[in-house]
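Reviewing the structure listed below.
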Amino acid sequence: MSELRLAPPVADWRRFTGLTLTYLAVAGLALFILVPVYFLFILAFMSRAEVYSWPLPLFPKHFTLDNFHFFLTINPKIIPSIWRSIEVAITTILIALSIGGLAGYSFARFRFRGKNALKLSVLFVRMYPGVAVAIPMAVLFMRLGLYDTPFPIALALNYGVGNIGLTIWITASIFLGINEELEEQAMVLGLSRMGAFFRITLPLAAPGLAAAAIYTFIGAWNEVVIATLMTQFNPTLAAVTYHTVAAAAGSLHLQSAGGAFMAFPALVFTFIIKRYIIQMWGGVRI
Amino acid sequence: MRKYVAVLLGLALFTLPLWADTTLSVVSRVFSPPEEQRFIREEIIPLFEAENPGVTVDFEILTDSEMLDKLVAQKAAGNVTIDVLITYVSNFERLVEAGVVADLTAELDVVAPDRTLSAGFLAQGQFDGKQYFIPFAGDDYCLIINRAALDYLPAGVSLQEITYEDLVAWLANIHEATGMKAFALPGVRMGLLTYIVGSTILAYGGCFPDVNSEAAQAAWEVWTRIYPYVNDNWVTYKMVNDAMLREETWIAITHVARAGMVYLSDPSKFTLAPVPFGAVDRGSVAGNNSLALAEGAPNRELGLKFIEFMTRPEIQARIAQGVSFNPAVAEAVEFIPPGPARDIIEVANIGMTGRVAFIPGPTAEGGDWGVVKQVFEDAFYYICARGKGVDPVYLDMQQQIINMQYIEPPCP
Amino acid sequence: MPEKLGGWKTRLASYYPYYLIIPAILYYIAFWAIPAASGVALAFQGPKGFTLRYFQYVLRDPYFYQALGYTFTFLVISVTVEFILALAVALLINTNFKGASLFLFVALIPMVLPEISYGAIWATGYAQHGWVNSLLVHLGLMDPAQPMSWLAYGKIARWMALLIVAEAWRGLPSVMIILLAGLQGISKEYGEAARIFGATGFQTLRKITLPLLKPSIQTALILRAIGAVQIFVIITVIFGHRNLPVLVEEAVYYFRELHQKQLGAAYALIIMGIVVTLSVLYLWLSGSFKGEEGRGE
């Protein structure tokens, strides 16, 4: 603030228009993002009759929580599935960040034969349509005795496949942006490569790791097809939600409630992790 | 934070004993609407569990392709966990071909004693003389109408005797008075369009699945006249339910269970009518949802008991009173008192009094019902949506594709 | 990194980069390559052994060329739109204005919502009596007796636009966080130095920020492009199969609706071939293949 007062009038004016433009752009983009979200959320608090009324009111006339109550009691598997989904998501993040992060670091820091081909090939799994591998993959995990286990390890391993490649690319691009000299200096000062990595590079890479973690969490949290195929008595929240409220026509009020309920934990996770994304340069002291 | 984790862990442990006793796994494609799922879980399944102490029924909804994929994967891995499935006639042949359903020929007396199962439906569930599928719910087609449309019904037309010509006139009246394109048609691929057009072809004296006979051409011609009053968004309607509930449209010909769901949502706003008459008679395609036992089911005996339970007339009647449902067991109807549930069954039954055709499972190697549906859809898009009109050369070509799915042409 | 020669320790160390990659490779072999191989084999499995007939069938299918065309149209327009929007959001957040952290959270919401909500939001938004038209009625921009038919049959260009809007909404955050994470790594000092030398904001962006952001841009574009080619769920939810055919939707149609798994498998391989070719082409054109050096540029 004091900085602003000291600045000459011209800069003051420029700064003012700059800020105005910034906030206008932010408001416009926020509106584009939030209007659809708003409608989804209000539908969850309306009766069926109101959800299907025309024109749809801008605010629920008869605000109700019935849809949420209905959703939570429609299938006894829903409550346990919440915890299971958290387990899947966290395990997948651990798999993706550890395996993918290591490889991403390697791709960013070293030169070696076959590097470009390897780096591209880790994306093959995302290029090959999932529908073509779903059944053979399910059969593989069933043969390993991992079908429908209470701890959903097969799902985490499965989701790891898509997310490792993604994590490799995101972390590699972040490691590339981190000045290597910092690491070398630390090594000159007596840290091992590992030490330099953990003390210097990793904290600086936090935004990239956080981004990869969000991707992975959301992918694992929301996945339906494999979870349906691979579970039966121990489903994830996404699978059970899909089959209880989303599979039929004419139930938009319940579908919205189920969707809003599912979105809540994911939003909390994102809210927590987002602060690692805007960890500003200089926030880390070296 | 730690407290929440503890609570969640507690919850997870608490729910484990749920599956301590024998669990019978039932997967179904019917009763997918959330209210219907809850009704089955809370009102019907406890009756079975009470009869069989120590048994828990796990009832899950799966789509057709999910069910098939899951059964195929479980079979390949040698680890079947599904016991009973409720599936639709158009999947029968795929399930039998994949070898995932058990032959119940020897168990017929066990699963359906002292009750009358429709011979037609039973025949649909037979392959190479073996009975794999036990009829559970019948279905055919009917009209679902928003009462607001009744003001524009042409003079002298009765809903019970309505014809396709009346329907065209009715829709024209509505369009003239309100500007509304009031007819809903589910245009999304692999939906009900095939059966709706098929029903019209039957009403004009044709056969099903036949797209090129003279009768079929007459039916197509009617559709070219209905089409101008079909809501513009029809092509994105998967079911007509949402469009009818939102009142974007007022009239639809649809599957009785779907129509029933809309009707039950508000009987004062909607009404039902039997499927219209064509030049020859009423016409309706009929299909059935059947019960089957998974091949290698872990609880075979219990699964058979469950099939017997679900075909019991009292149980069928009870289901019909809770959700939109058309019993496949003849004796069930006696148990159903007059009311909305009975209304649905009545229009369904009137539909069955005209020219009815069952869905014939493809017989040729690699033949698939999906291809037949695709032919009907392609033809509808070509004739009506793209405005090419009734083109016999085109229709002959399409009929060839249908015939390729069968060893003997289904419509000689 | 300069390599020193001689000594087994050094030689062992020269394999270092591979050690770090080996876990990922083993993981892929175990959990992806083996199952995928059986999917690939399916595409060549005729009734009498090896065959290419499924590929021939796909290449003769008129829907294939339509799907190819729509996929490319969608790919080019949607990735461009999403990239520009995402870059704008990332740059805005990076100015660290008051409320930036909250805005970041808001911008991430569409990505976080479950797929069922995504489908429901737009399918019911575009419906004739849906919320988009309702909003227009409330704003006095539409007569409730004559609502717009957004999804009217045959308006392919409009459908494509509606799809791009929905996907921009959904896909923007996933591009944005990669760019933003990249921006975090760029020292503010560069920008400040540029400003001292009199560079305008736009010049700083073009000459300093974007070049430094290149690895993240590349990652974001490649991941997004792959995602764009894989699009199908939202299309089937809003429009149904085959009304706006795209490649993966067609593969799914063969797999799940027509139960012609061999054709589906052939489709999947063709799709992968196309995406691999495009990615190689992109990386080659953007200069990433100039030698296998440590740092990308």
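All of the numbers you see were taken from the coordinates with simple rules; none came from a lab. Model, not experiment: these values are computed from the prediction. Ideal geometry is used to build each Cβ from the backbone, glycine not excepted, and the neighbour counts take in all protein chains shown.
Once each part is reduced to its C-alpha centroid, what is the distance from segment B:27-47 to segment A:48-95 in angstrom?
The two parts, judged by their Cα centres, are 19 Å apart.
Percent of alpha carbon pairs in segment C:148-287 separated by more than 22 Å?
Of all Cα-Cα distances in segment C:148-287, 57 percent exceed 22 Å.
Neighbouring Cβ atoms within 10 Å as the yardstick, rank C:LYS155, A:LYS77 fewest first.
Working: C:LYS155 14, A:LYS77 23.
So the residues, fewest neighbours to most, are C:LYS155, A:LYS77.
Mean-square fluctuation check for chain B, GNM, Cα pairs under 10 Å: which of B:GLU301, B:GLU36, B:GLU377 is largest?
Comparing B:GLU301, B:GLU36, B:GLU377 in the GNM, the peak value goes to B:GLU301.
Add -39500 (n - 2.57) for each DSSP H run of 4 or more in chain C, then divide by its residues: what number comes out at 222 nm, to the nearest 500 deg cm²/dmol? Intermediate results must be reported in sequence, preceding the final value.
Numbers: 15 runs with 200 residues, N = 297.
Theoretical 222 nm ellipticity from helices: -21500 deg cm²/dmol.
Could you put A:SER121, C:SER117 in order, starting from the residue whose Cβ has the fewest other Cβ atoms within 10 Å? Write down the numbers at each step before the final one.
Values: A:SER121 15, C:SER117 27.
The fewest-first ordering by Cβ neighbours comes to A:SER121, C:SER117.
Which lysines have a Cα lying under 26 Å from the Cα of B:LYS181, excluding residues fewer than 8 positions away in the same chain?
Filter leaves B:LYS238, B:LYS269, B:LYS373, B:LYS388, C:LYS155.
What Cys residues in chain B are without a partner cysteine, judged by a Cβ distance under 4.7 Å?
B:CYS142, B:CYS384 - these cysteines have no disulfide-compatible partner (Cβ-Cβ under 4.7 Å) in chain B.
Please identify the DSSP H helices in chain C that span no less than 20 Å along the helix axis (Cα) and have a mean Kyte-Doolittle hydropathy of 0.5 or more. Working shown, then result.
Working: long enough: C:62-94 (47 Å, 1.58); C:156-185 (42 Å, 1.35); C:214-229 (22 Å, 0.96); C:261-285 (36 Å, 1.72).
Taking the DSSP H segments of chain C (at least 20 Å long, mean hydropathy at least 0.5), we get C:62-94, C:156-185, C:214-229, C:261-285.
With both partners inside the protein assembly as shown, how many of the DSSP beta bridges are antiparallel, as a percent to the nearest 5?
Numbers: 28 of 46 bridges.
Expressed as a percentage, antiparallel bridges in the protein assembly as shown total about 60.
Once the other residues with Cβ under 9 Å from the Cβ of B:GLU377 are scored (Lys, Arg +1; Asp, Glu -1), what is the net sum? Each step should come with its number before you reach the end.
Working: positive: B:ARG189, B:LYS373, C:ARG242; negative: B:ASP378.
Neighbourhood net charge equals +2.
Which of the listed residues, A:ILE95, A:PHE233, A:GLY258, is farthest toward the dipole's positive end in segment A:76-277, when Lys, Arg count +1 and Asp, Glu count -1 at the beta-carbon?
About the Cα centre, the residue reaching furthest to the positive side is A:ILE95.
Charges only on Cβ, +1 for Lys and Arg, -1 for Asp and Glu: so what's the dipole of segment B:158-309 about the Cα centre, in debye to the nearest 20? Each step should come with its number before you reach the end.
Values: 10 positive and 16 negative charges, 80 e Å.
The dipole magnitude comes to about 380 debye.
Residues with beta-carbon under 13 Å from that of B:GLN131, excluding B:GLN131: net charge, scoring Lys, Arg +1 and Asp, Glu -1?
Values: positive: B:LYS130; negative: B:ASP103, B:GLU107, B:ASP109, B:ASP128.
Charge balance near B:GLN131 sits at -3.
Evaluate the relative contact order of segment B:324-412 (contact order divided by residue number), counting alpha-carbon pairs under 8 angstrom at least 6 apart; express in whole percent. Please report the intermediate quantities before stating the final value.
On the way: 51 pairs, mean separation 25.0, N = 89.
Normalised by residue count, the contact order of segment B:324-412 is 28 percent.
Percent of alpha carbon pairs in the protein assembly as shown separated by more than 51 Å?
23 percent
Please sort through the DSSP H helices of chain A and keep those with an alpha-carbon extent of at least 20 Å along the long axis and a Kyte-Doolittle average not below -0.5.
Details: long enough: A:9-43 (50 Å, 1.50); A:78-95 (25 Å, 1.54); A:153-177 (35 Å, 1.48); A:206-222 (24 Å, 1.04); A:252-277 (36 Å, 1.12).
Flagged H segments are A:9-43, A:78-95, A:153-177, A:206-222, A:252-277.
When chain A is modelled as a GNM with alpha-carbon springs shorter than 10 Å, which of A:TRP221, A:TRP83, A:TRP54 fluctuates the most?
In the Gaussian network model the winner is A:TRP54.
Report the relative contact order of chain A, percent, no decimals, based on alpha-carbon pairs under 8 angstrom and at least 6 residues apart. It would help to have the intermediate numbers written out before the result.
Values: 286 pairs, mean separation 80.9, N = 286.
Normalised by residue count, the contact order of chain A is 28 percent.
For chain B, what is the calculated [θ] at 222 nm in deg cm²/dmol (nearest 500), taking -39500 (n - 2.57) for each run of four or more DSSP H residues and dividing by its residue count? Could the numbers behind the result be given before it?
Values: 17 runs with 168 residues, N = 412.
-12000 deg cm²/dmol, from helical runs alone.
Just to confirm my numbers, what's the Cα centroid distance between segment A:106-124 and segment C:127-167 in Å?
46 Å
What 222 nm value per residue comes from the helices of chain A, counting each DSSP H run with n ≥ 4 as -39,500 (n - 2.57) and dividing by all residues, nearest 500 deg cm²/dmol? Could you put the intermediate results ahead of the total?
Working: 16 runs with 192 residues, N = 286.
Rounded to the nearest 500, it is -21000 deg cm²/dmol.
When the Cα atoms of chain B are enclosed in a convex hull and the volume is divided per residue, what value in Å³ results?
Values: hull volume 69.1 nm³, N = 412.
In chain B, the Cα convex hull volume per residue is 168 Å³.
Cα to Cα, under 21 Å, and not fewer than 8 places away if on the same chain: which lysines meet these conditions relative to B:LYS305?
B:LYS130
If you average the sequence gap of Cα pairs under 8 Å that are 6 or more apart and divide by the length of segment A:2-69, what percent do you get for the contact order?
The normalised contact order for segment A:2-69 reaches 24 percent.
Angle check, please: helix B:164-178 long axis (alpha carbons) against the longest principal axis of chain B (alpha carbons), in degrees 0 to 90, nearest 10.
80 degrees
Report the convex hull volume per residue for segment C:43-285, counting only C-alpha atoms, in Å³.
161 Å³
Give the Cα extents of segment A:76-277 along the principal axes, in whole Å, largest first.
Largest first, segment A:76-277 extends 64, 36, 27 Å along its Cα principal axes.
Of B:SER284, B:THR163, B:LEU47, which is farthest along the charge dipole of the protein assembly as shown in the positive direction, counting Lys and Arg as +1 and Asp and Glu as -1 at C-beta?
The one lying farthest along the dipole's positive direction is B:LEU47.
Enter the mean projected area of the convex hull around the alpha-carbon atoms of segment A:2-69, in nm², rounded to one decimal.
Details: hull surface 30.2 nm².
That works out to 7.6 nm².
Identify, among B:ILE344, B:LEU24, C:ILE109, the residue whose Cα sits farthest towards the positive end of the charge dipole of the protein assembly as shown, taking +1 on the Cβ of Lys and Arg and -1 on the Cβ of Asp and Glu, with the dipole about the Cα centre.
C:ILE109
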